[in-house]
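Accompanying notes for the structure given below.
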Amino acid sequence: MEPANHFTVLRRYWRLLAGCTLAALVVGWLLTPAGDTVDNARWKCKVAITPVAGAGDTVRADQVLSYAQGADVAAAAAKQLGIADATEVIARRTVTADSPQMLTIATTGPTRQSCSDLATAYSAAIIKGYSDESARSTAETIKKLQAQADSQQQQLNDIQAQFNRSSAADQPKLQPKLTAANTSLTTTLTTISKLANSAQTDAIQQWGSIDARQGAGNLLSSPSREMRLGLAVALGLALGVVAALMLSRMDTRLRTRNAVEEAFSLPVIGEVPQLSRRQRRVREPLVRARPSDPAAEAYRSLRSTLLLTGPDALARPAGGDDRDPAESVSRRLAEPAPVVLVASGGSRDGRTITIANLAAALAETGRHVLVLDCDFRHPQLHAHLGVGDGPGMAELLSGERLGELDDLIRPTNVAGVSLITGGNTTAYPAALVLRAGEVLRRARRHADVILIDTSPLLHANDAYDLVQHADAVLVTVRSGNVTPEQADRVAELLSRTGVPVAGVALLGTYGPSGRRRRGPAGGALPSGPAGRGGQQPAPARQAGPAVERAVEPPGERGGGRTAPSWARRPSEQHGGRGQDGPAGGASAGPHDHRLNGHGNGGHGGDQGEPALLREAEER
């Protein structure tokens, strides 16, 4: 995906981005304490504890470690620092035994002083606590040894008395016992003396000074609440971007020009930008209300393309508003107005607003446009053209007021545009189109161009019944409102009718939505495969209707109307006759597929558009 397409996706899902950002901001606000937070890891301190001189044999680091990790030491350090909660002290210290003779205490703090104070207090608490514990243990040991010394002293006294009472011959036998008893007593008294001396001093001591270093700060540990909220907004925005791109990948709806052309196998002849909410509230054509708006210019571009590639009757120069009425009537009788049916696959595809603006754009060229509202289920054209509700097409097609066609044509708020409203529908809408041929034959004499609005093709059968009376069809598609499957179904339905399809009007785009590929000679190449599956579709299904439309005489056909000039163009350009005469099919043979705007395949694909453009330029 190109960078420009990424921005288009983000613009399309701006609500998702805003929602994720706002949610992250709220969560960050709730989880961040009010005011500045304290970064307890800003400073790091280390201090070592070793046994005192001469106590290395009796004191080991692993023995001190088990005592230092207890709750009593943390409570003593917290009391010394004036901290009520000892868990805070435990969270800010780490005690490890780096060697059998060295214990290391690591502490953290928001400032150097607080970090150093905690290291000092914890070290002092360990030294004092362990020394007191050792003193109590030594006192108990001395007490036991003193009892043992008393027993040994009594034993020595007994042996000495026996030695004194014995004769000179027996004394050598008692001498070893006397010596052993004296040695045992001396050893015990020596041990008691050593223990008594060691109890007077601490068993462990602090080795060296406190090593204090400042830690590296980061956004996660920043004490600023604004910085934390900024980080939350950035994370929420990133989450929204990822979600938007994933949704765009999963969304198969048609949004770009290339996708629409490939799905419909029809050229996009007009792109109308997305309308703002203020523009959508305007209840009249933008071409008239805001003539310089980009959307109004887009509708004028659609008009120009339709005049260039459509029937000859559309491209015929207008006679102006000051022409003789009688002359205008006679001209319309000789050359009936072309009928353009504006269709769409589903609802909310911008069909009605396109008709209103296209009618206003055609009226700017001096043509008189008659708009027929045949959308009997949701008629809305009268609201866009400033006409009140009243009798209209429903009464005409039902036969109630068939003779009052002139009275039902009502002027609109756009000069040169007239309207026959949808009327009051009492019958089933699909049954009203049975008399459409006769009504359209009479309506052709009252305007230079006739535009028809109808129900969606995929929702009702009205449009499918009306399309056979039209000279051309314009399909409207709103960006993001149609799936490829729906587009394929619409193209299939239109191809069965044999009526030429002028192309597709793509509404609601954000700037240019695609790029046409150009051939070596500058002609447009099809943006997608010519048919389904990348193969050229077989023209046999459409050849029959196309040939019939090409060889019909210029008089009135089955519906009582004149054959459109562009359907007769191939035979006229080749002398107007084939080998079999006017009724033969030979004259239509080489061009029968182009009659429907198809080129070599498909239903209105890009293959036929360059040929129609060249023929229009020749005119």
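The values are calculated or read from the model by the stated rules, or taken from the named source; none is laboratory data. Values in this document were obtained by computation on a predicted structure and should not be read as measured data. When we count neighbours, we look across all protein chains shown, and the Cβ atoms used for this are built from the backbone with ideal geometry, even at glycine. Surface accessibility is based on the protein's heavy atoms, side chains included, excluding ligands, DNA and RNA. Shrake-Rupley method; radii C 1.70, N 1.55, O 1.52, S 1.80 Å.
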Fill in the blank from the handout: When the charge dipole of the stretch 36-177 is computed with +1 on Lys and Arg Cβ and -1 on Asp and Glu Cβ about the Cα centre, the Cα farthest towards its positive end, among Gln160, Thr108, Ser131, belongs to Gln160
Practice task
Along Cα→Cβ, 7 Å out, is where each label goes; now give me the distance between the ones at Arg377 and Arg496 in nm to one decimal.
Solution key: 1.7
Problem - Distance between modelled label sites at Asp406 and Thr187, nm, 7 Å Cα→Cβ extension - result: 14.5
Problem - Inter-label distance for Lys173 and Trp14, nm, one decimal - labels placed 7 Å from Cα along Cα-to-Cβ - result: 12.0
Handout entry: Formal net charge of residues neighbouring Asp211 (Cβ-Cβ distance under 9 Å; K, R +1; D, E -1)
Key = +3
Practice task
Mind giving me the FRET efficiency for Lys194 and Glu226? R0 is 45 Å, r the Cβ-Cβ distance, nearest 0.05 is fine.
Solution key: 0.10
Completion exercise
Of Cys20, Cys45, ordered by accessible area with the largest first and a 1.4 Å probe, the sequence is Cys20, Cys45
Fill in the blank from the handout: Counting only protein heavy atoms and rolling a 1.4 Å probe, one gets per residue an accessible area for the stretch 228-291 in Å² of 53
Problem - Leading residue at positive end of dipole, the stretch 369-480 (Cβ point charges), from Leu405, Leu451, Ala472 - result: Ala472
Handout entry: Long-range amide H partners of Ala472 with built H, under 5 Å
Key = Val339, Leu341
Problem - Whichever lysines have a C-alpha closer than 27 Å to that of Lys128, once near sequence neighbours (fewer than 8 apart) are set aside - result: Lys44, Lys46, Lys79, Lys143, Lys144, Lys194
Handout entry: Gain upon complete extension [Ala135, Ser292; 0.36 nm per residue less C-alpha separation]
Key = 46.7 nm
